[in-house]
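FYI, it's all coordinate maths here, none of it is from the lab. Everything numeric here is computed off the predicted structure, so don't read it as measured data. Because the Cβ atoms are built from the backbone with ideal geometry, glycine has one as well, and the counts that use them run over all protein chains shown.
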Amino acid sequence: MSALPTDLIGLEPAIGRSPVRRAAGRLLADRWAMLGLAIVLLFFVIALGVWAGLWGGNWMASAGQRWEGPSTRHWLGTTILGQDILERVLFSTRTAFEIGLIVALASSMLGALFGALSGYFAGTLIDSAVLWLTGVLDAIPFYLFVAALAFALKGNPWAMHIAMVATFWTTTARLVRGEVIKLKELEFVEAARAIGLHPLTIIHRHILPNTFHILLVQATIVFVAAIKSEVILSFLGLGVQDGVSWGLMIAESTTEVTAGHYMNFVAASSFLFVLVMGFNLFADGLQDALDPKRSGR
Amino acid sequence: MDLLTYTLRKLIGGIPLILGVTLISFVLMVHFGPDKTYELLSKNPTAEEIAQVRSQLGYDQPFWVRYGNYLGQLASFDFGYSDSTGERVASILSRTVPISLALLAPGFVLGNLLGIVLGLVAAWHRGRWIDKAIMGFAVVGMSISFLVVIIAFQIVFGVWLGWFPVRGWNVHDFSSYLHYVTVPTLASVFVALGYNTRFFRAVLVEEMGRDHVRTARAYGAGPVTILYRNVLRNALIPIITRIMFSIPLVVISGSLLIESYFGIPGVGKATFDAITSGDQPILKSVVGLTAVLFVLILIVNDILYRAVDPRVSLK
Amino acid sequence: MIARQTRLPRAPRPTIPIAAACAALLLVLAACGDSTAPDDNLRIYRHSTDGAPSSLDPAQAATVYSNMVVVNVFDTLYRYKYLARPYEIAPNLAIGMPEVSADGLEYTFRIHPDARYSDDPAFPDGIGRAVTVGDLVYSLKRHFDPSTRSQGAWLWAGRIVGLDAWAEAGADYAEAVEGLEVIDDQTLRIRLTEPYPQLVYTLATGFSALVPQEAVAYYGREFGVRPVGSGPFRLSSFNNTLARLERNPYFQRPPLDLAEEGYDPALHDEYGLAALDGAEYPMLDRLEIHFIQENAARWSSFASGAVDNVMVPNEQVEQLLSERNPIRFRPEIAQRYHGTSGVEAGFVYAGFNMADPRYGHHPEPARNAANRALRCAVRDAFDWNARNDTFYYGIGQIFPGVIPPVVPEFDPDRVRDSVEGRVEQGRQRLAEAGWNADNLPELRYGLVSGVQQRQMYDQFRGQLIELGFPPDRIGAETFATFGDFARAMKNRKLDLFFLGWTLDYPDAQNTLQLFYGPYETPGSNNFNYRNPDFDALYEQAATLRSGPERSALYQRMNQMVIDDCVAITGLSRTRIYLWDKAVTMYPDNEILGGFFMRFVMSAP
């Protein structure tokens, strides 16, 4: 589905609202999606607060005794080193957003760029090259690739982000490519070509904007995938090096749970679950709003 | 004959892919990979000892020579011996791959079957409460981290209930197989079900929105007939594609966590140990064979397309 | 009006699902691999340990885990007594202790004539042949053959006459080595370049195990997973989660003499060990060693009965012990299991890289003294009690210096202010020596990526900040593998590191050699400590037999290391063992290690 190009036609269609407005209307009416959005925004505010130093700054200090239970001083108890679990879990929210945003943005940009180039020049060498590259990256098992990249980059704090971006951009690129191939045949693109616009200008000004809905949906999906992958990577020791994250908290908790200390595990898992759930609900709503046939309405 | 030439052509077309995968993974894992020298040294090494070990591991040869050797090994399927234990890589693979497959197969099959069934039910009753309930569960399932599920299941089944072992693989007959494979299977089905159900439901909904299906329904055909005769076959293409493409994913990545955590001596654990210790022969073999497997699956997928829908041409 | 239904081919026949089911069944059968059905009449002992060996080749038996399996599959000349603590040498394949010449340069060993290798296709007709001292000669030579990639050669490097020259001359096995003289099939004379009192200890390590040449030739590189030896057990299967061993029917030794092995009724009566007196060993039909690295999994395997013993992970200690000092189990635990505790044969410590002039050795005496003050201040700030409480559940043994509790030369009365952890004293030292927030050097702490390592670093970092280090002056460098970490350390790129050392034998020389100048990196002296006085004492003590004169020298060397604040030492971890009451044994993970398994009696 593409938004009608209003710049060429000059005025909004007289009948009904524009598809964008209709989609927005559907989205706002979808209760579950709005709940998801609310959850995401809540977490975002938490992350902002950590950035601003309002809370979560004390995650490293050993403020209490080992393995204290929940109390008024430490709402979620403490870890083996006496660190406050609530502070840690709040700080981890910021870590999660950092990772999610960076990876989602970077992979969207890369995916958009390569997907558009590949789709516009479909069938040529550029397309084959990009297809080959995406095929190669897809063929390497994800965790092996990330592990290998993490080792190769030898403790660089961005190793994990780079590895995730390198893997996640391929799906976006493929979807954008498919969409661009369809868009290419539309009249307004032919018209632009007829005028003599440079292909890159065409891509940039006319085609890419019409892929935003795909990019947006994919970005939310990648965000979720990024924070879920971070959990497993941190558990394997390949993830976050400085600071704390939900993955590190869960990794710490694996030895504690058999001894009956569940707070670390419960806190990190719950926060993670709620945020991912919120994102999934929102992403679902977004997809349904943009492509109502999908859910069969 | 047509099929044969088609397959051959696809295989040859897959060679750049294999080259690309091997080159990238070689650069990452072998060229930049962890240095195994220091793990093989004694507690009191001398500089000569270090140089000797490095040259035995082949670290001092130029990049293209090592890459060339790798390609040669891939072509002849002979990857030599593990740097850690000295066992033949081929023997390690033949020992661990069946275990991984036996571990993951039930979860994979069940996850997909249940996903299709649930997707069918949801698609048939689209928009009603049962659809919403199934989708609700699907979203919940998608939102829980695999790791959390594994840990939780270990606690519940291993520590609290004690019904199943939480680690190990002492399998010698069918009942012990069931004994050991249950908890890992439950964990992987739990995690995969959400994604599978949503995907299959989406495909089926699209199919069921087609005119001929709506017509058949209007004519009062029952759900089973419609599903079997009209919907399933068309939907098979994306379903098969998805299943096929999730095979390499499942076999290598999926097994890694389960095997590490449940202590099952499969190929995922062996590969991960190889990564962390820099055991390059094992890494090379796993990555190379995964690339070949991927290309083969691409080809098989195309062939299956043709078997299901003759409109798809073998071009 | 009704759209014509497009004709599509019939659905695939059900043959596909059936074929899939058959494939699945075949898969299951293939996956059985080397698992065997448990036989209820067999005596089986299932041991669990917290790591896995990589190779079972004695030349690479560097870790506790490979040693554990190697000493059961192969024979060594000597072993340690089952129950005596501190550990004492006992003859194994050898008959009695060796004859030593007056100058301490010649050792004559005699071995049992009836020892045989287990049956294996490597031997002609598959029948194991008798063991001869030629095999010991071969095994020792093997360590010096570059293609073996031995990790144990350093035990005998430069000690045996002619062996190093043999290696340099091309490692031709047909050539004899002057220092390894075969007198007859059961008698060997070893000639040393200088007295080596630890020689007999080295002949009780897994490295010294006797290896048959036929098996190495037959299996080549795969010898590491197909070991063939003359030990009490024969390996029937091995992977990175489980080693399964069966009794070697050819193994013959004099029956177990409990008194000789150090039996003390007061200590050992409660375990029912008296029943073992006079028994032929090994008493097991099958031995399984489960490699379970994850604490949680190991504990639940033990709790569910899948394994018969466990070395208790720290997180469980709180729930098992009613008292920590002395260690006493809760009644419900004592009722279900046998338990004991012992100190490890090793210790953990933090160290400096003395080769860096910013805080290490410095040519200028004034600066050298100031550097020493800095190191001593850091040592003062390090809180061993906090570390003990957090990571070792308070049951580790903290001791000053580098001679750990497990060795006979340990001095329990040594003054403890080097491990007291007084930050004010540290601050004072810094102030007196002229260190302040501006001129303190930047310290890089190396660690291998892992949850506990990171937690330890966080704890130490907090203590350094309390001492007065600005937070940006302390940095961590994380390594993904131990190999990368070791490489950085051996290349002198790390300022601070936290390591553990496991002793190869119960003699303080094994820890003091960590500070011996000529062993500086890439050798075992990771501190790059260079003290000519220390080196002189070390060389002097190296040729002395155990006794008061040598112990006095050891103590002086120990004091030098403490005074120079080279390392922040140390703590020996306390191991707690629990095992099923149906098993009659007294386990040990340390020096005795795998040797105890031949004396385990398990109910069928």
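The table that follows gives values for the structure above.
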item: Alpha carbon Rg of chain C, scaled by the compact-globule rule 2.2 N^0.38 Å; result: 1.09
item: Label point distance in nm, A:LEU42-B:THR225, each placed 7 Å from Cα along Cα→Cβ; result: 5.0
item: Shielding score for C:519-525, defined as the mean number of other chain Cβ atoms within 10 Å; result: 4
item: Cβ-derived FRET efficiency at R0 51 Å, C:SER546 paired with C:ALA603, nearest 0.05; result: 0.80
item: FRET efficiency estimate (nearest 0.05) - Cβ-Cβ, B:ILE130 to B:ALA152, R0 30 angstrom; result: 0.65
item: Computed over the range C:461-604: relative contact order in percent, which uses C-alpha pairs under 8 Å that are six or more apart; result: 14
item: Karplus-derived HN-Hα couplings along the range A:277-287 (A = 6.51, B = -1.76, C = 1.60, θ = phi - 60°), whole Hz, x at Gly and Pro; result: 4, x, 5, 4, 4, 5, 4, 4, x, 4, 5
item: Inter-site label distance for A:LEU105 and B:ASP2 at 7 Å from Cα along Cβ, in nm; result: 5.3
item: Average beta-carbon neighbours from other chains, 10 Å sphere, peptide B:255-265; result: 4
item: Degrees between helix A:85-120 axis and first principal axis of chain A (Cα, 0 to 90, nearest 10); result: 20
item: Ranked by how many other beta carbons lie within 10 Å on average, peptides A:97-106, B:153-162 from highest; result: A:97-106, B:153-162
item: Contour minus Cα-Cα distance for C:ARG416 and C:SER237 (0.36 nm per residue); result: 59.6 nm
item: Relative contact order computed over chain C (Cα-Cα under 8 Å; 6+ residues apart), in percent; result: 19
item: The range A:98-238: relative contact order as a whole-number percent, Cα under 8 Å and 6+ apart; result: 40
item: Relative exposure of B:VAL295, B:VAL65, C:VAL378, judged by other C-beta atoms within 10 Å (fewest first); result: B:VAL65, B:VAL295, C:VAL378
item: Choice from B:GLY168, B:GLY86, B:GLY194 with maximal GNM fluctuation in chain B (Cα, 10 Å cutoff); result: B:GLY86
item: Estimated vicinal HN-Hα couplings, Hz - the range B:294-305 in sequence order (Karplus 6.51, -1.76, 1.60; Gly, Pro = x); result: 4, 4, 4, 5, 4, 5, 4, 4, 4, 5, 5, 3
item: Point-to-point label distance, C:ALA174-A:THR201, nm (Cα→Cβ direction, 7 Å offset); result: 8.4
item: At least 20 Å along the helix axis (C-alpha) and Kyte average at least 0.0, DSSP helices within chain C; result: C:15-32
item: Computed Rg/Rh of the range C:455-604, alpha carbon atoms with Kirkwood Rh; result: 1.06
item: Cα pair distances of the protein assembly as shown binned at 10 Å [whole percent]; result: 2, 8, 16, 21, 20, 15, 9, 6, 3, 1, 0, 0
item: Range of Cα positions in chain B per principal axis (Å), largest first; result: 85, 58, 34
item: Contour excess over end-to-end distance, with Cα ends at B:ASP302 and B:ARG9 and 0.36 nm allotted per residue; result: 104.3 nm
